[in-house]
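Below: one structure, written as structure tokens.
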Amino acid sequence: MNPAQEQAFKAASGGVEVSLLSLICIGGLLATLLVWAAWALTDVWRGWSNEKLRNAALVHFVVRLVVLLLFCIWMFAS
């Protein structure tokens, strides 16, 4: 952003810096994603431990979850 755009953003947002707002949004995204991942992992674990879910399904879920987390961290937090 050029200085005029940054100044307009500050005026419209009540003095909030662009970098602070970006950090809050990325932190919220990652926190939500990690909470969802923990919930989903416990749900899948319960299904696997009750023998209602095959081993292959558990492995596929874990691989997909790790890829999703790594991709989101790479895209948004780097």
Give me the Kirkwood hydrodynamic radius of the chain, using the inverse of the mean 1/r over all pairs of distinct Cα atoms, in Å to one decimal.
-> 15.2 Å
Out of Pro3, Phe71, Leu21 - ranked by how far each Cα lies towards the positive end of the dipole of region 3-76, with unit charges on the beta-carbon of charged residues - the top one is Phe71
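Every number in this text was worked out from the coordinates using simple rules, so none of it is lab data. Only a predicted model underlies this, so the values are computations on that prediction, with no experimental measurement involved. Positions of Cβ are generated from backbone atoms using ideal geometry, with glycine treated the same way; all protein chains shown enter the neighbour counts.
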